[in-house]
Amino acid sequence: MQFLNLPEDHFNSVVLFIGNTEFKTDMPENVLNDGLIRWIQSHTEPRVVTSMVDQAVSQLSELDRTTNRSSASREHLKALKARRGSL
């Protein structure tokens, strides 16, 4: 959200476990093992205005246009290997 300059409190987070997941304890209302559509439909209040969406799309389009994908992929793999080595 920081890159797009969007306030985090304007978004709802959700975690969905797929498969035969059985929770051993009570989970927060945004941690699900089913009912994702119902959860999404229960959150109907608009959280961002059109101008915020337009600005985010513009920033992402510019990033897509200017990113050297080969270089970005190499850097990503390098970072993953460095992180894995530190575990």
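Derivation of every value follows stated rules applied to the coordinates shown; laboratory data play no part. These figures come from a predicted structure and were not determined experimentally. Note that each Cβ is placed from the backbone with ideal geometry, even for glycine, and that neighbours are counted across all protein chains shown.
Where the Cα atoms of the chain are projected onto their three principal axes, how long is each span, largest first, in whole Å?
43, 42, 20
Mind checking the full-extension length gain between HIS10 and ARG47? Use 0.36 nm per residue of separation minus the Cα-Cα distance, one decimal, nm. List each step's numbers first, then the result.
On the way: separation 37, 0.36 × 37 = 13.32 nm, distance 0.51 nm.
Full extension of this stretch gives 12.8 nm more.
What residue among THR67, ASN20, VAL48 has its Cα farthest toward the positive end of the dipole of the chain, where the charges are +1 on Lys, Arg and -1 on Asp, Glu, each on the Cβ?
Value computed over the given set: THR67.
Under 5 Å between amide hydrogens, which residues at least 5 positions from LEU16 or on another chain qualify, with H placed 1.01 Å from N in the peptide plane?
LEU32
Tell me, what is a quarter of the convex hull surface for the C-alpha atoms of the range 1-47, in nm² with one decimal? All intermediate terms of the calculation are to be shown ahead of the outcome.
Numbers: hull surface 17.8 nm².
Over all viewing directions, the range 1-47 projects a mean Cα-hull area of 4.4 nm².
Net charge near ARG47: determine it from the other residues with C-beta under 12 Å of the C-beta of ARG47, scoring Lys and Arg +1 and Asp and Glu -1.
Charge balance in the 12 Å sphere: -3.
Could you check the spin-label model distance between LYS81 and VAL31? Points 7 Å from the Cα along Cα→Cβ, value in nm.
3.6 nm
Give me the dipole magnitude in Debye, nearest 20, for the chain about the Cα centre, with unit charges on the beta carbon: positive for Lys and Arg, negative for Asp and Glu.
So the dipole magnitude of the chain works out to roughly 700 debye.
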